[in-house]
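The values are calculated or read from the model by the stated rules, or taken from the named source; none is laboratory data. Since the structure is predicted, the reported quantities are computational estimates derived from the model, not experimental observations. All Cβ positions, glycine included, derive from the backbone under ideal geometry; neighbour counts span all protein chains shown.
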Amino acid sequence: MPLEAFNPSQPLTFGVELELQLVSLSDFNLTAASPDLMHLLTRKPFPGNVTPEITESMIEINSSVHTGYGPLLAELTEIRDTLVAASDVLNIGIAGGGTHPFQHWSDQRISAKPRYEYLSQLYGYLAKQFTVFGQHVHIGCANGDDALYLLHALNRYLPHFIALSASSPYVQGHDSLFESARLNSVFAFPMSGRAPFTLTWQEFTDVYFAKMERTNIIKSMKDFYWDLRPKPEYGTIELRVCDTPLTVERAAALAGYLQALCRHLLERKEEAPVEDMPVEDDYLVYNYNRFQACRFGLDGSITHPKTYENVPMREDILATLEKMLPHAEALGSVDALRHLAAAVHDGSDAAILRRHVEREGSVEGMVNAAIQHFRGGRTT
């Protein structure tokens, strides 16, 4: 069936989704506790929303729609506290982080939901390997054309969000040497990567989506695992490159930064994506910038897609945060930008996790530290 019309929403409203790890406190491995946790949470009011994820050792929490950073942070904190109280009843731990450091995909159980069972049949072992944990941020758009404009204009800044959220250095018991190894798992899916270079909603729906639907590969927007994708039913674009941070404070700050960036880009003062030029002109350096952010995080570099200037990631992020301050002041999110500027200086969550392995001497100790971070602990 044709793709639905873009449902307009209030520009720059935003919401957050966080995929979280459910951990056994006996061995700090993942545990298939989502059915029990979901059952327990139905007995009490829950701020926002909570849903099962593709395997039973995961859950996803969704915030409400917000206009400002402060209320978003307050709600995420309330959600966190509600989850922690429920996890204490079940004697499990809940943690952020983009990967669990030593779980084995073959041990995971697919959640009993028709779509997840379909994905398991389609993708085989990749479905269980998709036991990775990300943060998604939705930004409201007035129309589909604005959504596609933002989607492409943001490509130059996506490495910032990968580097600032990076929290998945360990995979299958080993240091991957990546700051964000999670995105390597996402990239294995055939419909991952970046969206096609279209700048009008009509062209996107009537040409691109219509062709993809005729192939029988695609049935809905859910079948695309792009780094950024439009969500016409919500009237948003959805940023999908972030690892789940260790704390809700970092998650809210990342959302505040994206909101400020989108406000800036919608002023259309930067050189815009141009439809009649080759796609490579805007995306020539995209995959390499993405790799730099995943592999080296804040210690990487970024190549500007227009000028080809190569600058250190930290320098580029700090300069952009400074440039976004007037927008943050207008939106009430200056504290979000300050939080991220401190992270640039202090190091990523991936660096924190590596320090815990050195300090505790084991990846199990690292998982325990991640649980404490999520609970609101401030150990570094």
Subset of the stretch 304-341 that is under 22 Å from the mean Cα position of the chain (by Cα) and polar (S, T, N, Q) - its residue that is surrounded by the fewest Cβ atoms within 10 Å (Cβ to Cβ)
Thr320
Restricting the stretch 1-40 to residues that are surrounded by 15 or more Cβ atoms within 10 Å (Cβ to Cβ) and free of Cβ contacts under 8 Å to residues at least 60 places away in the same chain, the one nearest to Glu360 (Cα to Cα) turns out to be Ala33
Condition broken by Ile237, with the remaining ones in (1) outside any loop (DSSP other than H, G, I, E, B); (2) out of contact with any strand residue (DSSP E or B) (no Cβ under 8 Å at 6 or more places or on another chain) satisfied
(2)
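Let's see how each residue does on (1) modelled with pLDDT of 95 or more; (2) not in a loop (DSSP other than H, G, I, E, B):
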residue: Glu19; (1), (2): yes, yes
residue: Ala32; (1), (2): no, no
residue: His39; (1), (2): no, yes
residue: Pro45; (1), (2): no, no
residue: Leu73; (1), (2): yes, yes
residue: Leu76; (1), (2): yes, yes
Before we move on, is Ala163 part of a loop (DSSP other than H, G, I, E, B), small (Gly, Ala, Ser), in contact with a strand residue (DSSP E or B) (Cβ under 9 Å, 6 or more places away or on another chain) and closer than 30 Å to Ala350 by Cα?
no
Would you check if there is a residue in the stretch 179-196 being buried (at least 20 other Cβ atoms within 10 Å of the Cβ) and over 19 Å from Leu18 (Cα atoms)?
no
Only one residue in His152, His136 is part of a strand (DSSP E or B) and of a type outside the set (Val, Ile, Thr), so which one is that?
His136
In this structure, is Ser120 modelled with pLDDT under 90 and surrounded by 16 or more Cβ atoms within 10 Å (Cβ to Cβ)?
yes
Positions within the stretch 213-248 being more than 24 Å from Asp146 (Cα to Cα) and crowded, with 19+ Cβ neighbours inside 10 Å, in sequence order:
Asp243, Thr244, Pro245, Leu246, Thr247, Val248
Go through the stretch 157-168 and count every residue that is buried (at least 24 other Cβ atoms within 10 Å of the Cβ) and either over 13 Å from Arg250 (Cβ atoms) or of a type in the set (A, V, I, L, M) (or both).
7
